[in-house]
Amino acid sequence: MKYILTVILSCFICGLVSAQTNYHINGSVADTISNVKLHNTSIMVLNAKDSTLRKFTRAAADGTFSINNLGKGKFILVASYPKYADYVENFALDSVHTSYNFGRLSLILKSKLLEGVIVKGTRAAIKLKGDTTEFNASSFTVQPNAKVEDLLKQLPGIQVDKDGKITAQGQAVPKVLVDGEEFFGDDPTLVTKNIRADMVDKVQLYDKASDQAAFTGVDDGNKTKTINIKLKEDKKNGYFGKVDAGIGTKKFYQEQVAFNKFIGKKKFSAYGTLANTGKTGLGWQDANKFGTSGNNIEVVDGGINISGGNDELEGWNGRFDGQGIPTARTGGVHYDDKWNADKQTINANYKIGSLGVTGSSNQQSQNSLSTGLIRSNTNQNFNNYIFRQKVDGTLVIKLDSTSNLKISADATFKHSNSQSDNAASSVRGDSSLINTNNRRLDNKGDEQTFNFSAFYNKKFKKAGRTVSFLVTQSVDENKNKGNLLSEIKYYNEKSSLDSARVVDQFKDNNIQTSIFNTNLTYSEPFSKTFSLIANYGVGISNSTADRRSYNQSTPGNYDVLVPSLSNNYRLDQFTNQGGAVFNYKKDKTTFNFGTKVALVNFKQLNKFTDNEFDRNFINWNPQLLYMYRFTQQKWFRFNYNGSTRQPTIDQIQPIIINTDPLNVTLGNPDLKPSFNNRFSFSYSSYKVLTNRSIWLSASYNVTSNPIVSNVTTDPKTGFTTNRYVNLPGQSTSSYSAYGDVGMKLKFLFNVEGGIGLNTNGSTYFNMVNNALNRTRSNSYGINATLRRYIEKKLDFYVSGGPTYTLGESSLQPGINNNGSGFTINHDVNVYLPGKLQIGFDGGYEYRAPTQSFNQSFSRYLLNGYINKSLVKDESLKIRLTVNDLLNQNRGFDRRSSGSFLTQNTYTTIRRYFMFSIVYDFNKMGGAPPKK
């Protein structure tokens, strides 16, 4: 009886299911002109809400198609056929309209499309392939001789600012590849400003997994927004390039040449730049090409290391940050190739350059003490120069189908020379003079750096089971020699001269380090959703830090050692580091957690006194990640990272640093480690076809037992000493939050618009004359953006909004640094008949006065150009440009640190006119090389 009832009930349920409404569509596809039925046309139905794929089919031999069981909702139909423009149409199914008949869809060859139709149809030239958004470059028309940068500006969801910075779907794009390979290293602009747009077949936008995740197949949630430029097959043979020569008023000039030769998979490129206009290369990451590290020994993840930081002589860091007038000479060569069925790959680069910067600056600072204020004013003239060469290469060998070997090496050589003259004075709160200091610093430095790494990895038959082994070796030698001359005068409360002293010293620094590290990583999947990644490694570091200061025995002879300002340390450490991370991934959820722990034995020997200083410590680095991917284009992510922060050797090392004799730093060998906790979350949502993006992010950092500065200032003389101490029972913290919404504004002529909110702040403690000082700072901002591109007519970009900053010190609660501000930036280009193009870009900045600084600041920087093409293919152009048309470019910035507030003004590049000739040459599309 039970069996009969079960059968009857099952039949009844099946009848109900079969009686449910079948929401479906149908239609046919044919050529617009010939009426030929387009067999196998791809028919896709996307969810209108988030542009994800709902159903897919292909047209039958007679061109007809139908899709059943769609359900209720709003959808987008996309019909795609090779060499034809895609057809896109929105539709909806509901209880009233359960079916939709598209009738005949007439597709037209792209070659037959009118120009206006191409513009309207660009949005349809988008395909979704898993997590990758792919743009068909041929569906987007650019100007003759345009570069990849110009193509990217047309793609929905991608923005490129005037400096070449790329933002895609609300996130920064730090990496641009060519056919999946790096091109001139990690600088995206060497691709976007160098490769021609007409060579591009497709532009792929995706979140690139970390190397570890890509190898193990275990998603760790670490993604990098990446653009891959896929070249046309017939554009991989030949050569192309650009020559740009400009001469301007006031002795300004700017010359650039770029040459590229492709032969199948072989790529050779070279570029050179000569300019004194602030252009130090091809793009926005130019400054990094000239970075010079100096040396500061710092405890990092696995122990103590030599890392970036200025040395004792305040050596110039080698970067142009807008201060002064620069003269740059840069060049580079790139080569990459694949052979033996792509089993071997080589990628090599050589870069050479020099950068000289001269200028002047004025700095006003305020030091808050419990007894009152000290205000200082410093005028500086500087003349800096650096010469740098770097060569690097990477060889990748596929040993077999399961294992690879990657070998990388690089070498860098730097020479720097810097001089600065400083005239400073300090006054009390009642404006009475405390001291004056005329100081001159000269520094010459030479640095050599060598790095080598070998990485072997192997996959086993069991999916997800892998092993890898990494060996790295780095050697660095940095030598700096220079002179310090300082003439100081001290004044009493009546501003009468009390005393004076002169510091005249020669300084000789020699720092060497050798670091050897290994790391063995093993991944094991316990199931399809749960896996383990474990690692273990050892590290050996040997360093010497020999810093010496000499006084004169006779004029010009600096041979009297100053023991209090000199030392010679040998630093040796041995590190054992291990860790484990558990990873869970199922459907839309990724969750992993684990920790790394490093046992470090550190020995420090003072060769002057034979005193040893040994430290044994443990570094903990716990981590946690949770990520939920609602759809391919919408996700939420939460991160936690903890880290032990050991004091740096410069904080521990008991040596007095007196490059500014009125402000000296002392070491503290009794410092203890602090611990930092960082929490962050991010949310991203993007609709490809409607070009609507939402990006939210926030982070919070809190450090317990922080290492803070203990500043002691003599209110009578202004003499200040700084010594780092721990602050138990207190925690420093910082936060930041950002939100941005972007969309196409149909009511405003399809202008792309966006609005963003941001805030950040910090709470910092330090000791000032044995009194605890709490500094709080917060800033808030609103930013609105509008952009529009109308092919061969107009493109513009405008962005700006107000800001407000709060800043206060507990030692002087009655005096704050609160103030408002406003910024706006714009870029407009107009395309006129007769192959004429005009444009202008600029920005306005306003900073209101505060209680600390009673002067407001405002400037409007306006640059413009007129461009005229002289030949039919527009390969030869003349250009007239003007920089800072209104002549308002005055360098300015404000900042706070501890009890100090500073405001800087400095010389920078102002108005000039320049006439340029630009020639683009292109001989691509030759026959492919014979195999």
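The values are calculated or read from the model by the stated rules, or taken from the named source; none is laboratory data. These numbers come from a predicted model, not from an experiment. Neighbour counts are summed over all protein chains in view; Cβ atoms, including those assigned to glycine, are modelled from backbone coordinates with ideal geometry. Protein only, heavy atoms only, side chains kept; ligands, DNA and RNA dropped before computing areas. Shrake-Rupley method; radii C 1.70, N 1.55, O 1.52, S 1.80 Å.
Would you mention how many residues in region 58-101 are under 18 Å from Tyr23 (Cβ atoms) and in a loop (DSSP other than H, G, I, E, B)? Adding up the residues that qualify gives 10. Close Cβ contacts (under 8 Å, 6 or more residues apart or on different chains) running from residues in region 430-442 that are under 23 Å from Asn383 (Cβ atoms) to residues that are outside any strand (DSSP E or B) and of a type in the set (D, E, K, R) comprise Leu441/Glu314. Cβ separations smaller than 8 Å between residues 6+ apart or across chains give the following pairs from region 223-251 residues that are farther than 24 Å from Glu182 by Cα and among the charged types (D, E, K, R) to residues that are modelled with pLDDT of 90 or more and loosely packed, with under 15 Cβ neighbours inside 10 Å: Asp244/Ile917.
Filtered by the rule that a residue be part of a strand (DSSP E or B) and modelled with pLDDT under 80, region 852-903 gives Gly891, Phe892, Asp893, Arg894, Arg895, Ser896, Ser897, Phe900, Leu901, Thr902, Gln903. If you check Asn379, Asn362, Asn383 for being in a strand (DSSP E or B), at pLDDT below 90 and not charged (D, E, K, R), only one passes: Asn362.
Scanning region 395-408 finds one or more residues that are of a type in the set (A, V, I, L, M), within 26 Å of Val471 (Cβ to Cβ) and part of a loop (DSSP other than H, G, I, E, B). Residues in region 806-824 that are in contact (Cβ under 8 Å) with a residue 60 or more places away in the chain and in a strand (DSSP E or B): Gly807, Ser809. Looking only at residues in region 816-844 that are within 23 Å of Ser779 (Cβ to Cβ) and open to solvent by 40 Å² or more (accessible area, probe 1.4 Å), the one that is modelled with the lowest pLDDT is Asn818.
For region 703-730, a residue qualifies if it is surrounded by fewer than 18 Cβ atoms within 10 Å (Cβ to Cβ), among the hydroxyl-bearing types (Ser, Thr, Tyr) and either touching a His at 6+ places or on another chain (Cβ under 9 Å) or more than 19 Å from Asn668 (Cα to Cα) (or both), and exactly one does: Thr717. Does Ala168 satisfy the condition of being surrounded by fewer than 16 Cβ atoms within 10 Å (Cβ to Cβ) and at pLDDT 75 or above? Answer is no for this residue. Restricting region 306-335 to residues that are open to solvent by 10 Å² or more (accessible area, probe 1.4 Å) and acidic (Asp, Glu) leaves a set whose member that is modelled with the lowest pLDDT is Asp311.
Mind checking whether some residue in region 608-629 is aliphatic (A, V, I, L, M) and not in a strand (DSSP E or B)?
Initially, region 608-629 is screened for residues aliphatic (A, V, I, L, M), giving 618, 624-625, 627.
Pick out the ones that are also not in a strand (DSSP E or B) and you get none.
There is no residue in region 608-629 that is aliphatic (A, V, I, L, M) and not in a strand (DSSP E or B).
For region 38-83, what are the residues that are hydroxyl-bearing (Ser, Thr, Tyr), on the phi > 0 side of the Ramachandran plot and either open to solvent by 60 Å² or more (accessible area, probe 1.4 Å) or over 39 Å from the mean Cα position of the chain (by Cα) (or both)? None; the set is empty. Looking only at region 660-675, residues that are of a type outside the set (A, V, I, L, M), in a strand (DSSP E or B) and surrounded by fewer than 19 Cβ atoms within 10 Å (Cβ to Cβ) come to 2 in all. Flag: Phe65 does not match the condition of being within 30 Å of Ser693 (Cβ to Cβ) and not aliphatic (A, V, I, L, M). Here is a list of conditions, (1) modelled with pLDDT under 90; (2) of a type in the set (S, T, N, Q); (3) open to solvent by less than 40 Å² (accessible area, probe 1.4 Å), and Asn769 meets all of them except one; can you say which number that is? Failed condition: (3). Of the candidates Asp430, Asp446, Asp508, Asp498, the single residue that is open to solvent by 40 Å² or more (accessible area, probe 1.4 Å), in a loop (DSSP other than H, G, I, E, B) and of a type in the set (Asp, Glu) is Asp430.
Condition test on Leu571, is it part of a strand (DSSP E or B), modelled with pLDDT under 90 and open to solvent by less than 20 Å² (accessible area, probe 1.4 Å)? Steps first, please.
Numbers: part of a strand (DSSP E or B): yes; modelled with pLDDT under 90: yes; open to solvent by less than 20 Å² (accessible area, probe 1.4 Å): yes.
Taking the combined requirement at face value, the residue satisfies it.
Figure legend. Inter-residue proximity from region 761-773: first residues under 11 Å from Ser731 (Cα atoms) and touching a residue at least 12 places away in the same chain (Cβ under 8 Å), second residues open to solvent by 30 Å² or more (accessible area, probe 1.4 Å) and hydrophobic (A, V, I, L, M, F, W, C), beta-carbon distance below 7 Å, spacing 6+ or different chains. Indicated pairs: Phe765/Leu772. Of all residues assigned to region 592-605, at least one qualifies as being in a strand (DSSP E or B) and in contact with a helix residue (DSSP H, G or I) (Cβ under 8 Å, 6 or more places away or on another chain). Applying the set (1) part of a strand (DSSP E or B); (2) of a type outside the set (Lys, Arg); (3) modelled with pLDDT of 85 or more to Tyr789 leaves exactly one unmet item: (3).
Ser425 fulfils the conditions (1) of a type outside the set (Phe, Trp, Tyr); (2) more than 30 Å from Gly372 (Cβ to Cβ); (3) open to solvent by 30 Å² or more (accessible area, probe 1.4 Å) except for a single criterion, (2). Checked against (1) within 30 Å of Thr648 (Cα to Cα); (2) in a strand (DSSP E or B); (3) not aliphatic (A, V, I, L, M), Ser564 passes all but a single condition, namely (2).
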